[in-house]
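Remarks on the structure that follows.
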Amino acid sequence: MSALALLLSYSNPVMVENMAPLSLLWGGFALFWEYSVITSGAPLFFCLWGIPFVLIGLHMIGGRFFLKARQSAGTYYAVTSERILIVSGLFNSNLKSLDLKNLGEISLVEAKEGEGSIVFGNNPLATLFGGLSGLPGRMNAKTMTQFQSIAGAKQVFELIHQAKRMA
């Protein structure tokens, strides 16, 4: 198996639905605060104080989806006969390489219509707090190497197993 299979990541940016109540509450209050401060003629300090909270709220409500989509658009996955490669980065290009001989456990998490994620290595945090670590942007995304939200995940999973056996 000497051929290189290059896979583009297809991201599903609507993955953290349970953050919606907090983001709406935070953003709504921050906007209300800023509006109240500006219309009441409060000192400049109070007007400036609310700006970071408004920006955080706007990011939580909708900006995170655009950021995730932009990050995913620049992420590429590859499986070769010797290793797995992940090229990613929003502003800088990062390359992560995993040797197939020392790969360890591989997990497949299938979603709708053949899309899914392939996680490399053990995930000791997966059941902590009812799986909280599996949420994107949480502990899992920073500690686990994975092909995230790819089309044809099962076929890629089988390709990796085949390459691992031949390595």
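Data table
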{"read-out": "Top-ranked residue of segment 57-107 - restricted to ones that are of a type in the set (Asp, Glu) and modelled with pLDDT of 85 or more, ranked as farthest from the chain's Cα centre (by Cα)", "value": "Glu82"}
{"read-out": "Test: residue in segment 50-64 that is more than 28 Å from His161 (Cα to Cα), of a type in the set (Phe, Trp, Tyr) and in contact with a Phe, Trp or Tyr (Cβ under 9 Å, 6 or more places away or on another chain)", "value": "yes"}
{"read-out": "Scope segment 33-76; condition open to solvent by 70 Å² or more (accessible area, probe 1.4 Å) and not hydrophobic (A, V, I, L, M, F, W, C); matching residues", "value": "Tyr35, Thr39, Ser40, Pro43, His59, Arg70, Gln71, Tyr76"}
{"read-out": "Hits in segment 70-90 - residues which are in a strand (DSSP E or B), touching a residue at least 60 places away in the same chain (Cβ under 8 Å) and not hydroxyl-bearing (Ser, Thr, Tyr)", "value": "Ala78, Val79, Ile84, Ile86"}
{"read-out": "Flag for Ser149 being open to solvent by less than 20 Å² (accessible area, probe 1.4 Å) and either within 26 Å of Ser23 (Cβ to Cβ) or modelled with pLDDT under 85 (or both)", "value": "yes"}
{"read-out": "Unique match (being touching a strand residue (DSSP E or B) at 6+ places or on another chain (Cβ under 8 Å) and surrounded by fewer than 13 Cβ atoms within 10 Å (Cβ to Cβ)) among Leu95, Leu85, Leu22", "value": "Leu95"}
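The values are calculated or read from the model by the stated rules, or taken from the named source; none is laboratory data. It should be emphasised that the depicted structure is a prediction, and the values quoted were computed from it without experimental measurement. No Cβ is skipped: glycine too gets one built from the backbone with ideal geometry, and neighbour counts run over all protein chains shown. Quick note on the areas: whole protein, heavy atoms, side chains included, nothing else; ligands and nucleic acids left out. Shrake-Rupley method; radii C 1.70, N 1.55, O 1.52, S 1.80 Å.
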